[in-house]
Amino acid sequence: MMAEPAAATPDDLIKQAEALRSAVGADFHDDLMLSIYTDAARIADHAVTREGAARGRFYLDRTIDRLVTSRVWGFPMMLFMLLAVFWITITGANVPSQMLGDFLMGAVYDALHSVAQALSFPWWLAGFLIDGVYLATAWVVSVMLPPMAIFFPLFTLLEDLGYLPRVAFNLDRLFHKAGAHGKQSLTMMMGYGCNAAGVVATRIIDSPRERLIAIITNNFSICNGRWPTLILMGTIFIAATAPPALASFIAATSVVAVAVLGIFLTLAVSWFLSRTWLKGEASTFSLELPPYRPPQILKTLYTSIIDRTLIVLWRAVTMAAPAGAVIWLLGNVTLDGVSIGEHLVNLLNPVGLLFGLNGVILVAYIVAIPANEIVIPTILMLTMMVGGSSMVQPGVMLELESNTEVYNVLVGMGGWTLLTAVNLMLFSLIHNPCSTTILTIWNETKNLRWTAMAVFLPLALGFGVTFLTANVARLLGLV
């Protein structure tokens, strides 16, 4: 066995250093030290601000950081950036969504019925497969795909540019006070595209406790499937209370107000969870602000389209297909000459009215658990079916030509009021996650307790808020 070498003494180390200096020469040593101190001075001059010092050299990235992380301008700029992303997503998705909807629910839908007729399918089989399963799936694809194909690349672009870490820096103080992690701000923003993607994004949070808080509260970020409901209600009900010149502004403001309310709910529920079922101190958040850099377009497109958009869309489609089947059965299976859908609407209507909603809305949200995108077409179908309209086939989702037609159907046949629209917007924000998100929560936690918490906590909060709103409106004589 070889003996271990003896440890070097301080005198030995000094002798070795002197020998090295003699070998390389004093000039090299001095040049090396000068280079190190020069680099340190340059970095300090770039990164450190000295009180009372004269204004130094202008650095663009440092100037941008002063603005985007400012206590005064940071939050307004963050809100503006968020609004810009939403506006580009909503506006940019209108045309492709319409084109895709016309193709899938027009040309393809008619072709499938022609094939079914040529093959002599029974009416119930053609209705179940085409009017039920296919139509719901086509609706989800046409509503979800274009917005996600725009939102996720924009989100990834901001991430690659280095802006999102600045957002986390701005929000860290608020989330820390709520007992949560600063990185939850990033997962919250991801939830605005899709809550399932937001839940997956919580993997960036190391603390299991804080990750659970982020998972449970991600539902308060408005996903793509809920935007159409909010925009429609804001356009045809909220905007109607304002002068025509201000109608579009009031509609947009109402939608933004709901989104901001979602942020406050995220912080409030995070604070509640961190002091009850998920007690603990918020962990320290050491955030390195990366340098601003140009995005890698191909990598951005791959990450956003393949890793996020298509995976989330596939999960939604697998959930939407059975939902379409249920909707068709509700409209076509009868009991005592009345469809099951009408029975459910009549049964739940007193409960719905108690919360400032109605039975149609409750039934629509029950059958739309697989995908929030089908809430509005299901509401229209059920309203017209219960109202005895000859324009709708039982169990077949439809889209009306204009907002005026939608308003006339909801008010004339459904008896909707402004309170109904406001509470629908609130309930759409707060209610339980869709089944795609529920499945994702289960996959991420593998815990039935926390999955149930993520489902029933927002549902109870949604009913509580709508109940409070309805009763305050009644006390004030507004309804």
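Derivation of every value follows stated rules applied to the coordinates shown; laboratory data play no part. All of these numbers come straight from a predicted model, not from anything done at the bench. Here the Cβ is made from the backbone with ideal geometry for all residues, glycine too, and neighbour counts use every protein chain on show.
Overview of values
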{"quantity": "Cα pair distances in the range 89-166, grouped into 10 Å bins until the bin that holds the longest one, percent each", "calculated": "18, 33, 23, 15, 8, 3, 0"}
{"quantity": "Cβ crowding within 10 Å averaged over residues, with 205-215, 252-262, 114-124 ranked highest first", "calculated": "205-215, 252-262, 114-124"}
{"quantity": "Estimated dipole of the chain in Debye, rounded to 20 [Cβ of Lys and Arg +1, of Asp and Glu -1, Cα centre]", "calculated": "980 debye"}
{"quantity": "About the Cα centre, charge dipole magnitude for the range 320-475 (Lys/Arg +1, Asp/Glu -1 at Cβ), debye", "calculated": "520 debye"}
{"quantity": "Principal-axis tilt of helix 435-445 within the chain, Cα atoms, nearest 10 degrees", "calculated": "30 degrees"}
{"quantity": "Protection-proxy order for peptides 188-194, 77-83, 322-328, each taking the mean of Cβ atoms within 10 Å per residue, highest first", "calculated": "188-194, 322-328, 77-83"}
{"quantity": "In degrees, nearest ten, helix 247-274 long axis to first principal axis of the chain (Cα)", "calculated": "60 degrees"}
{"quantity": "Whether the range 60-103 is rounded, prolate or oblate, judged on the alpha carbon gyration tensor where a/c under 1.5 counts as rounded", "calculated": "prolate"}
{"quantity": "Per-peptide average of other Cβ atoms within 10 Å, ordering 420-429, 171-180 highest first", "calculated": "420-429, 171-180"}
{"quantity": "Of (i) 23.5; (ii) 37.4; (iii) 46.1, the label for mean projected area of the Cα convex hull in nm² derived from the coordinates", "calculated": "(ii)"}
{"quantity": "Rounded if a/c under 1.5, otherwise prolate or oblate - the range 321-479, Cα gyration tensor axes", "calculated": "oblate"}
{"quantity": "Degrees between helix 340-354 axis and first principal axis of the chain (Cα, 0 to 90, nearest 10)", "calculated": "60 degrees"}
